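Chemist: Here you go, one structure.
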Amino acid sequence: MAMNSNNHADDELMVEMNTTPLIDVMLVLLIMLIITIPIQTHAVKLDMPVNTASTPPSKPVVVQVDISATNQVLWNGELLADRQQLEHKLSALAVQNPQPELHIKPNKDANYAPVAMVLAESQRLGVTKLGIVGAEQFVQ
């Protein structure tokens, strides 16, 4: 058997760094960067309204309907005698343009019947801007 004397040259350590994995990682990062850049620069063209100097909206007219502890209905502090008077005021309120806001403020000791009556008449006569205020008195 012949022995090769050049074996000694094959046993030397390799001093150079293997750059293949580094190049692979850099190529993957470059591809990811190329893919994600168009997504980040994508823009939607919108025609936004131009701000014109306009007057701020005026505060709406508010009509306060109070229902007292004795189940009396008060229209802006004025005691209503009967249901027909309430209907007359609500129908006049419903035809106004713009329609005033109707704030119903029941007393916590009042019965539900007058509150339900005011709500039902408001709906029947076409009052659309309606709210119940003073609900914090019912929290215990």
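Read-outs throughout are calculated quantities, based only on the coordinates presented, and are distinct from any laboratory measurement. All figures in this text were calculated on a predicted structure; none of them were measured in a lab. Cβ atoms come from the backbone with ideal geometry, glycine included; neighbour counts cover every protein chain shown.
Chemist: Put a dot 7 Å past each Cα toward the Cβ at Val50 and Thr20; how far apart are the dots in nm?
Modeler: Each label point is offset 7 Å from its Cα along the Cβ direction, giving 6.5 nm.
Chemist: Can you give the % of DSSP beta bridges in the chain that are antiparallel, to the nearest 5?
Modeler: Counting only bridges with both partners in the chain, antiparallel ones make up about 35 percent.
Chemist: Running a GNM on the chain with Cα contacts under 10 Å, which residue among Ala43, Ala120, Ala92 ends up with the highest mean-square fluctuation?
Modeler: Fluctuation is largest for Ala43.
Chemist: Could you state the per residue volume, in Å³, of the convex hull enclosing the Cα atoms of the chain? Don't skip to the answer; put the middle values down first.
Modeler: Working: hull volume 55.4 nm³, N = 140.
Normalising the Cα hull of the chain by residue number yields 396 Å³.
Chemist: Which residues make up the longest stretch of the chain that has no GluC sites (Glu not before Pro) in a DSSP loop with at most 12 other Cβ atoms within 10 Å?
Modeler: No qualifying site falls inside 17-140, the longest such stretch.
Chemist: Please report the antiparallel percentage of the DSSP beta bridges confined to the stretch 62-135, to the nearest 5. Display every interim value, and only then the final one.
Modeler: Details: 5 of 14 bridges.
Of those bridges, close to 35 percent are antiparallel.
Chemist: When the Karplus curve 6.51 cos²θ - 1.76 cosθ + 1.60 is applied with θ = phi - 60°, which whole-Hz ³J(HN,Hα) does each residue of the stretch 70-82 get, with x for Gly and Pro?
Modeler: 9, 6, 8, 9, 10, 9, 6, x, 9, 5, 8, 6, 8
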